[in-house]
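The values are calculated or read from the model by the stated rules, or taken from the named source; none is laboratory data. Note that the coordinates shown come from a computational prediction; the quantities given were computed from them, not determined experimentally. Every residue, glycine as well, gets a Cβ built from its backbone with ideal geometry; the counts of neighbours run over all protein chains shown.
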Ligand SMILES: [Cu+2]
């Protein structure tokens, strides 16, 4: 029940007096969050909320009292004057004082939000791109893409058999979240590889634009382990709703374990990738790359979306000459810029892998193994 929840919220707000530490998350209020800045912002918000309530109550009480006591049936006579300097001075000065009193703490919090400490414990580079995030840990040599989770992706299509209600955290779930340790100051260096995006996580009290060609830097420090969800907050094209932000904060020992695992997996992959170029290697690498770079449009099952993204399963190009297939992936489509040129983003090996995959996945069975050398020659 909407009303019941609203009343309950107002009641808890009243009871807690808006102190972040004791505040329960409420569906009708902003989140308290898990960083110092987010709690400061919450307290500021509650202070202003109660100030407004106080002003509202006093103004409307005076008004109600006046209406009641000076009604005509009581023989009240309207006073006939205009302008009253004293009243005007008072109703100018009081709001000025209130606004000034608010500006000082609000500015202090604003400066703290998006602040950079002199010695962050670690650095993460955040790249926005249409329509996914990429996280790079320069000190650990770790880097990965964070794509919309397939559960959300499937439910978001016009599929009568699935509905958003079936997808956990619909449009707020990703395959690989940003993993960070708690109680460490983390410098985020945010940039974009194409258009302007914005990295926003309400519970961290953090939002910063991702602008191509420059880095916006700011720190986060998370107190509580947990999973925190946000979204791209700058309209960035048709996939804007499909690039959520998910941050997983782990206690430092669990984080160290995650880093070790991630490095081991990367080493394994590197060993495999530098091995001989076989159908098996190409298909395995191609499948992964397809899922992260291509499936958002062409779909995991290669069926595309009718009228928008062509099907690659049984497609003219994916089952036609290899040259034409490599061409559109390397140089993009001349007819439709939505199919970007991947030549600059992917290595020869990666393109060879994804093209091989597309030619042999689903019902495609050309048997073609495209080599990195062939890709290099086609560039
Ligand atoms: Cu975006």
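Among the residues of the stretch 221-246 satisfying the criterion of being within 16 Å of the ligand (Cβ to nearest atom) and in a strand (DSSP E or B), which is farthest from residue 36 (Cα to Cα)?
Per the criteria, the residue is 232.
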Taking the stretch 203-220, which residues are within 16 Å of the ligand (Cβ to nearest atom) and touching a helix residue (DSSP H, G or I) at 6+ places or on another chain (Cβ under 9 Å)? 206
Test residue 209 against the stated conditions and say whether it is under 20 Å from residue 241 (Cα atoms) and either buried (at least 18 other Cβ atoms within 10 Å of the Cβ) or at pLDDT 90 or above (or both). yes
Select from the stretch 145-155 the residues that are away from the ligand (no atom under 16 Å from the Cβ) and surrounded by fewer than 19 Cβ atoms within 10 Å (Cβ to Cβ) and write down the one among them that is modelled with the lowest pLDDT. 154
Residues of the stretch 189-202 being more than 11 Å from the ligand (Cβ to nearest atom) and closer than 14 Å to residue 178 by Cβ, in sequence order, are 189, 190, 201
Within the stretch 169-187, take every residue that is within 16 Å of the ligand (Cβ to nearest atom) and part of a strand (DSSP E or B) and give me the one that is farthest from residue 140 (Cα to Cα). 174
Check residue 244 against each of (1) surrounded by fewer than 19 Cβ atoms within 10 Å (Cβ to Cβ); (2) at pLDDT 90 or above; (3) touching a strand residue (DSSP E or B) at 6+ places or on another chain (Cβ under 6 Å) and name the one condition it does not meet. (1)
Name, by its number, the condition in (1) over 12 Å from residue 189 (Cβ atoms); (2) within 16 Å of the ligand (Cβ to nearest atom) that does not hold for residue 127. (1)
All positions within the stretch 346-368 that are over 16 Å from residue 317 (Cα atoms) and free of Cβ contacts under 8 Å to residues at least 60 places away in the same chain: 346, 347, 348
